[in-house]
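Undergrad: Just dropping this structure here.
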Amino acid sequence: MITTSEAAQRLGVSQRRIIALIQSGRLCARKAGGIWLVDEASVKQRLATAQH
């Protein structure tokens, strides 16, 4: 699991975009301690398909 900040950096988008992708179900994530943790495999898959 990685932070939204790290996911945003890897995908070259804003943290706001990462949250939108989570909320739309396009990135897998869970909330822990008030912060979103993004599934790293989900980010890698998104990178592979180049659909930011």
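Undergrad: Could you list all residues from the range 10-26 that are in contact (Cβ under 8 Å) with a residue 40 or more places away in the chain and in contact with a helix residue (DSSP H, G or I) (Cβ under 8 Å, 6 or more places away or on another chain)?
TA: 11 - this is the single residue of the range 10-26 that is in contact (Cβ under 8 Å) with a residue 40 or more places away in the chain and in contact with a helix residue (DSSP H, G or I) (Cβ under 8 Å, 6 or more places away or on another chain).
Undergrad: Let me ask something additional. Suppose we filter the range 33-52 for residues that are out of contact with any Leu (no Cβ under 9 Å at 6 or more places or on another chain) and either touching a residue at least 40 places away in the same chain (Cβ under 8 Å) or of a type in the set (Asp, Glu) (or both); how many remain?
TA: Residues meeting the conditions: 1.
None of the figures in this text is laboratory data; all of them are computed from the coordinates on show. Just so we're clear, the structure is a prediction, and the values are computed from it rather than from any experiment. Cβ: placed from backbone, ideal geometry, glycine included. Neighbour counts: every protein chain shown.
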